[in-house]
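The values are calculated or read from the model by the stated rules, or taken from the named source; none is laboratory data. These numbers were taken from a predicted model, which means no experiment stands behind them. Glycine gets a Cβ as well: all are built from the backbone with ideal geometry, and neighbour counts include every protein chain shown.
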Amino acid sequence: MGVLSILIFLPLVFGIIILLMPKSTSAYFKYLAVVVSLAQLIIASWLYYQFKTGVSFAGVNNLAQYQWVEKLDWIRLDVGSFGVLQIDYLLGVDGFSIGLIWLSALVMLIAVLSSWEIKTNLKGYFALFLLLDTAIIGVFCSLDLFLFYIFYELMLLPLYFLIGMWGGVRREYAAIKFFLYTLFGSIFMLLVIAGLYLSVTDPTTGNHTFNMVYAMDPANYSAGSIFSRLANAQILGFSARYVGFIIVFIAFAIKVPVFPFHTWLPDAHVEAPTPISIILAGILLKVGGYGIIRIAFGIFPDVAASLSWWVGLLGVISIIYGAMNALAQRDLKRLIAYSSVSHMGFVLLGIASLTAEGLNGAMMQMISHGFLSVMLFFIVGVIYNRVHDRDIYNFRGLANQMPKFTGFVMIAFFASLGLPGFSAFIAEAFTLIGAFSSQAINGLLPRWMAMVAAFGILLGSAYLLWTLQRMFFGTLRLKKEEWKAQLKDLNWREIITLTPLAALALILGVMPSLAFNVMSSSVNQFLMLFK
Amino acid sequence: MEQIFTSNQLFNIAILAITAPFLAFIFSLIFKKLAAAFGIISIGISLISSIILFLHLWKKHTLHYSFQWINIGNVKIDVGILLNDLSVIMLLLITLIALLVHIYSVEYIRNDKLKYRYFAYLSLFCFAMVCVVMADNLFILYAFWELVGFSSYLLIGFWFTKEKAVQANKKAMIMNRIGDIGFLIGIMIMVSQFHTLDIDTLFGSGSLIDSSFVKNGLWVSPFATMPEYWLSIAGFCFFSGAIAKSAQFPLHTWLPDAMEGPTAVSSLIHAATMVAAGVFLLLRISPLFNDVVLVSIATIGLFTAFMAATIALTQNDIKKVLAFSTISQLGFMVLAVGVQDNAAAIFHLITHAFFKCLLFLGAGIVIHQLHHIKEKHSLDFDEQNMDNMGGLRKLMPVTGMVFFIAAMALSGLPFTSGYLSKDAILVSVFEWADLRGGIYWLFPLMISITSWLTTFYIFRVVYKVFFGDFRLPKIFNKAKEELHIHDPNLWMTIPVIVLAVFCFGVFFAYNPLNLDSSWVYHGFNLQQHNEGLFHLMVPLYINVMSLALIFLAHLIYAKQKIAINFQATWFYKLSYNQWYFNSFYDVFLMRIVLWKAKYFYWFDRKIIDGTVHLSSDIILKFSKIANWLDRNIIDGLVNGVAFLVGRLGIWLRGMQSGKLQHYFIWMLLLFLTFMIFKIVI
């Protein structure tokens, strides 16, 4: 059993153990969850540390260059004239996934630490939570489309219950909306995956395969198959590869979320309990970005290049649109949810530029947004837990009341609005540089896109600075008198949670090569797909 | 002077100048009691380092060290330091003034509970500012440029419970961000066109800018080609960064509001150093600008200088006058860049830093002392309003003296530093207009008027504050002796005296009446001004008129022999309301953006989410129809069959009557039927 399998199934095992433990021990579940996610983070850190970089470990479309590869024959079913149904248990890591795996492990730990607020039905909560953990790591590790899809769908189930049972007032509405939205995208994606299976053959065994690495190589497509580049097959009068790309893109665009598929996000975020908001913003959105890079763009590079103008446009619209919406909010959590839409727009823009700068910037933005959105949602949680209110207009002058908290809020806000020295600045600057140079390098994106996107940064500072001024500065004024006693400054657990996030945003901002080194050769290899 | 240190040692000294304030920032937050000491010692170390660097590098050679930082794709971004003449003199200026302001602040902020934060932020600012002038590439320059803005944000909002202060720092940050977006786009253009951001490679001797050219409507560099207009766009983008930082029209309104911060901060950041960073940026990248951009720069500079000077005429808040004066003087520098006399721009930047810093510190002393009176006697008045001052020359002679010297320097009277640098700008503007002719003569005309306005408004302040009678006792009906006001202690007086000394021209030229003998000016401009008519006449006619205006101001504000009543006129209102820019921005831009935001949110809820809900409604409707069909048609069929079977069963059950005769008849009938079928078939 390889290290990736341990990483994936460790939480599942402990989830089952929690299910078997008697209810009287429920006070210890959270400590058990902390231990599991801490162990997971240690393993992930070890992987990150051991990860070999360089051209010969680029991965992407070369299975031999992936690291910690685990391959087991999982399902071999002789289906007569169709040959052998081949589904592999195939795991592996390259520069695109290692950063996200580490991020996931970190975010899960933070989420556990913020689960202290959960008071009801702890057994169910932590069992589902750990199941979710397994699914998330599984998504980033699997290289077999079928396996990927299983993990991908497996994420939905626990999330549905976690939002629907432990959420806010309109939790059922939000949970169903989230579930149906995502399912809508992924069901059609299943058809494309089936189509890919029928098109791609394993060069070693000759069977059809779900292997996504093989699917990136045009030579593995059997002649005349539906997604073969040469066959130019049609679906309902449209080129099959176009249809395939668009379906997969929409499936992941819903996850990112990209305008106009984003409306599940504000509702889900607002209704979800803090730890689930953290997971949603910190990792779930990145699954979308990761899927767009590896599956939509990786498997359909020819279509992706010809449609990248539209992808870039969606990115720019998301940036501006998300920021404008955030400006109109008075619910702090909703404001941050919309800011996520805006920030994830940069990811899309960077990917669409198909330049090394843009893609590195997009990956960096995913990791950086991972830290920062987690921090922001945690901050909302701190206030909400204390007074069960998060209307911006109900608070004023918290700086004197909660000085430590205000310090962290300032770090999180300024890092999010792209202050140099923090990771978001590097990420956004490189995304924009990539988008701008795209015209000169490959002629895909017009220059105005980068210029318009830059104004998203301006709007970002507008809503964050306004919130900061409105809620934290000035003289203390609260909606209710008793809040003054309830709004205590951060406790130790909260400080321990926030400090590493702030530190990581700072470290990556000062030494971005820590992340760039790991991914740059994979990015270069990835760009070769488009040559 | 001999070379005492090797290049490597000089590099280490430069690093020392950077790290000292940074460590002070960290330690001030940890060891709160020692914050002031850390601040002063660290900036002292920076000053000593700067002096060493200056003596070794000024007019001798350039120090350029860089280390690889990020290297992906076409972009290589290094971190490094570039010390040429421009940076070493800026370094010296910044550290010297920062040290004086630190010392002054010890007294100024003495009674504040959070003063460790004040010194920490001040150290952070010094660190960032030193890095701005040393940065060797545009990316790093941008990064520290933003960090300078951030530390300014922290310091403007230092009294964060003051509503006005936190509104002001938000405004400053957002307006600066508008400019910074331009800066960032400029960086994107440069990367795309030249694949590097290294200032020396781009703009130094034999640079990439020199090797690029415009041909057939295309801007061609060794790496890439763009349409020609991108050259102008690049220039405008960088300029917009400078507009915001140096508070030029139309992004100038943040600076007067920033006066809500502590006065010492205003003097260091919003008068002497940070706001000059915009001009510094323009100087760093000046080879980039083409003619269109240069004329625009000159126009913006001229307009800003004029507009701000007219506003300064009528303000009653002493800090507001000085703020608009700063905006106006920065306009002079920007104008100088626009007419391509970079030497004059940097020269004025340096002289202005001293006298404007001094004016602020002087005003700060007055405000500080009045504040003491206010607290001691628990009176309620605005300690910044000049109507509450007057006659302070006798009560606080040192302050009055240094303020007077600074005012003379600002007016550009002979023997002061301002005389030399302003002269340089004016002469250049005249020569530039002479060369171009026509409408361009508006430039020298307007700048002369602005120069006279400057003299008038600053002497208005001098006479209102330091001459005449002390008005405060009259307002509150108290005896003069009761509201005692006096010069402050040495923490405050020594810095202002040092600054006052630097307001004299001899420090900048051995013959303080002749620009050509200035070492600073000729450090950057090797060719002599042609000994033309302008060179002789311009200083003469400007100063004669200035002296007349000073006399007029004396009569109006000190002697109060002439009463002026402009209050009702439109130009007074225009000036007093700062040309209505704030109202315009508030009403139009802010409201429009917020209204748009609301509209976007409505769109999101109603249209986008509405579509989602609509489709779910449609699906629900469909499911209802399907349900009906299912119940009535499909299930109807099923039920119908069941019903039929049931009826059949009932009917058949009817046959089980238990009577033998019935069974016999049925059997007979079946047998007959069978036989008939058999026969027929």
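Of the residues that make up segment B:565-581, is at least one closer than 30 Å to A:Gln329 by Cα, more than 14 Å from every other protein chain (Cβ to nearest Cβ), touching a residue at least 12 places away in the same chain (Cβ under 8 Å) and surrounded by 11 or more Cβ atoms within 10 Å (Cβ to Cβ)? Yes; the residues of segment B:565-581 include at least one that is closer than 30 Å to A:Gln329 by Cα, more than 14 Å from every other protein chain (Cβ to nearest Cβ), touching a residue at least 12 places away in the same chain (Cβ under 8 Å) and surrounded by 11 or more Cβ atoms within 10 Å (Cβ to Cβ). Residues in segment A:290-342 that are outside any helix (DSSP H, G or I) and closer than 30 Å to A:Asp391 by Cβ: A:Ala328, A:Gln329, A:Arg330, A:Asp331. Got at least one residue in segment B:367-379 being under 24 Å from B:Tyr463 (Cβ atoms), under 20 Å from the mean Cα position of the chain (by Cα), β-branched (Val, Ile, Thr) and in a helix (DSSP H, G or I)? So far as segment B:367-379 goes, no, none of its residues is under 24 Å from B:Tyr463 (Cβ atoms), under 20 Å from the mean Cα position of the chain (by Cα), β-branched (Val, Ile, Thr) and in a helix (DSSP H, G or I).
Taken residue by residue, segment A:460-471 has no member that is within 12 Å of chain B (Cβ to nearest Cβ) and outside any helix (DSSP H, G or I). So for segment B:27-34 (the condition being modelled with pLDDT under 85, crowded, with 18+ Cβ neighbours inside 10 Å and touching a Leu at 6+ places or on another chain (Cβ under 9 Å)), does at least one residue qualify? Checking segment B:27-34: not a single residue is modelled with pLDDT under 85, crowded, with 18+ Cβ neighbours inside 10 Å and touching a Leu at 6+ places or on another chain (Cβ under 9 Å). Residues in segment A:253-275 that are more than 14 Å from chain B (Cβ to nearest Cβ), assigned to a loop (DSSP other than H, G, I, E, B) and surrounded by fewer than 24 Cβ atoms within 10 Å (Cβ to Cβ): A:Pro273 only. For segment A:245-252, the criterion of being under 28 Å from A:Met165 (Cβ atoms) and assigned to a helix (DSSP H, G or I) is met by at least one residue. Within segment B:155-174, if we keep just the residues that are crowded, with 20+ Cβ neighbours inside 10 Å and not in a helix (DSSP H, G or I), the residue that is nearest to the other protein chains (Cβ to nearest Cβ) turns out to be B:Phe160.
Restricted to segment B:565-681, the set of helices (runs of 4 or more DSSP H) holding at least 3 residues that are modelled with pLDDT of 85 or more comprises B:591-602, B:609-629, B:635-655, B:660-680. Just name the residue that is surrounded by the fewest Cβ atoms within 10 Å (Cβ to Cβ) out of those in segment A:167-180 that are in a helix (DSSP H, G or I) and out of contact with any Leu (no Cβ under 9 Å at 6 or more places or on another chain). Top of the filtered list is A:Glu172.
May I ask you to verify whether A:Asp73 is of a type in the set (Asp, Glu), crowded, with 17+ Cβ neighbours inside 10 Å and assigned to a strand (DSSP E or B)? For A:Asp73, the condition - of a type in the set (Asp, Glu), crowded, with 17+ Cβ neighbours inside 10 Å and assigned to a strand (DSSP E or B) - is not met.
Against the numbered list (1) at pLDDT below 90; (2) over 18 Å from A:Leu498 (Cβ atoms), A:Glu428 comes up short only at (1). Based on what the data block shows, is A:Val387 β-branched (Val, Ile, Thr) and at pLDDT 90 or above? So A:Val387 fails the test.
Of all residues in segment B:71-111, exactly one satisfies the criterion of being surrounded by fewer than 22 Cβ atoms within 10 Å (Cβ to Cβ), without any contact (Cβ under 8 Å) to a residue 60 or more places away in the chain and either among the β-branched types (Val, Ile, Thr) or within 14 Å of chain A (Cβ to nearest Cβ) (or both), namely B:Asn71. The number of residues in segment A:430-443 that are at the interface with chain B (Cβ under 7 Å from one of its Cβ atoms) and under 30 Å from A:Arg330 (Cα atoms) comes to 1. Of all residues in segment A:219-242, those that are farther than 16 Å from A:Tyr197 by Cβ, of a type outside the set (Gly, Ala, Ser) and assigned to a helix (DSSP H, G or I) total 1. For segment A:398-416, how many residues meet the condition of being touching a helix residue (DSSP H, G or I) at 6+ places or on another chain (Cβ under 8 Å) and either more than 10 Å from chain B (Cβ to nearest Cβ) or at pLDDT below 90 (or both)? Adding up the residues that qualify gives 12.
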